[in-house]
1. Going down the table (58/245; 183/331; 244/437), which pairs top 30 Å between alpha carbons?
2. Along the charge dipole of the chain, Cβ charges K/R +1 and D/E -1, which of 179, 442, 236 sits furthest on the positive end?
3. Restricting to Cα pairs below 8 Å that are 6+ residues apart, what does the relative contact order work out to for region 1-142? Please round to a whole percent.
4. Suppose a student asked you for the relative contact order of region 325-443, using Cα pairs under 8 Å spaced at least 6 residues apart; what percent would you report?
5. Per the Kirkwood formula on distinct C-alpha pairs, the Rh of region 1-50 is how many angstrom?
6. Out of all Cα-Cα pairs in the chain, roughly what percent, to the nearest whole number, are more than 27 Å apart?
7. Give me the compactness ratio for region 132-247, meaning the Cα radius of gyration over 2.2 N^0.38 Å.
8. What value, in deg cm²/dmol to 500, does the helix sum -39500 (n - 2.57) over DSSP H runs of n ≥ 4 give at 222 nm once divided by the residues of the chain?
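Derivation of every value follows stated rules applied to the coordinates shown; laboratory data play no part. Note that the coordinates shown come from a computational prediction; the quantities given were computed from them, not determined experimentally. Virtual Cβ from ideal backbone geometry, glycine too; neighbours counted across all protein chains shown.
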Amino acid sequence: MTESIVLAVFAAMLVAGIAAGVPIVWILVAGLALFSGYALKQGHSVREVAHMAGSGMKSVRDVLILYLIVGMMCAAWRASGTIPYTVSVCASLMTPPIFILMTFLACCLMSTLMGTSTGTAATMGVICMTIASAMGADKVLTGGAILAGSFFGDRMSPMSGSALLVAGLTKTEVTKNVLRMAKTAAVPFALTCLIYAAFGFTTQHASSMPQMASIFSRSFHMGWVLAIPALAIVVLSLMRVPVKKTMLASLVLACIICIAVQGVAPQDLPGLLIFGYTSTDRTIASMLDGGGVLSMMNVASIILVSSTYSGIFDGTGLLRGVCSKVWELSKRSTPFLGVLVTSFIANCMACNQTLSIMLTDQICRPTEGTGTALALDLENSAVVLAGIIPWSLSCVAVLSFIGAPSTSVVFACFLYLLPLWTLLISYAVHHDKSFVKKTPGQLLGLTTDDVAQPAQLPLAA
């Protein structure tokens, strides 16, 4: 009973705090105080509670380091011209009949390179919406395509904070997770492309197209060499180089291009990497400004505070009752259905992708037999569902950046098709365990890890 009251109070704090505009990190600090108080009431000492919180923080240490590297990379990619060049190339390929489809594909590419939905929205998303306005394209459809494409890479880029977080929580390798995610996403991706192509060919457009290359050429020396830092990410990831080394290599290459091609003074690089890129051109500034270590401080603080919850939950057994309910649902149906329902509720309640991922992981950990299977479940549920909850911070941020209406979430097709397709796969696997060895299962990247029996759920205290 006490556990239910504590969780209800926390949920009420989240809802009330977000409604009142309180920064999420301060709500989480209040939640930490609440859960610490519960632990103390159970009879744990202050030292024991501190140890619980510290053990949770240790689990995300590597993730935080990677976040800082990503922040520096985002700044360096902007200053080197890597992002402007990519945006220019993508914009040049867009024609009215396939505009919605190309918007989705361009945002998929950008989000995979950048590893962030908000960064994609602030760059390629802004560009695509600008082009949509010039062409007279439907802003609701365009917004849906941008939203879906932005979360495509947010889910499966080796640079993505959510992908790194999931890998850290499940103790899996991010590169292997990405390969499995790519295989399970193939069918939803193809269906999404067909849907957006159909939308494009049934909608009337004007023919005017803004010239992005000429806009960016005012501030950058343009050329194929600017794509090298992005290509390094792709090549090194395919070679299965550890993600930290991959990102550091891309960062170094981007810094070299900053100095050698764009004329950035070497003494200015530290400030650029810490504070982010800023342009003196107002048009370019609205699209490119950002990145840097400081840009990651908010999400890093959210991860740091919320990570303490897992240690306290483990030490006190606070979530055992909830885990039991999810366990029962998973046993009656499939593990993924339990994860899907939990992640949906967590996203609705927390309004924050990071916290939703961590809560879903904590609650659903007993439902799958391996971290590999759980990692795929989390990526195909908690990560993408954050994009279709209209009041979720992740969704609000993307739609706010591009100036799209909230109804755009209806047309973020990929974010609906992926969980539904994964649910079908889950039913196939858990009703026929030999499916993983058959050709369809092999093509989907399934292994014996996906049918491993979970450990028995510990008895509730």
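1. 244/437
2. 442
3. 13
4. RCO, region 325-443: 25 percent.
5. By the Kirkwood definition, the hydrodynamic radius is 11.5 Å.
6. Tail fraction, whole percent: 54.
7. 1.35
8. About -22000 deg cm²/dmol.
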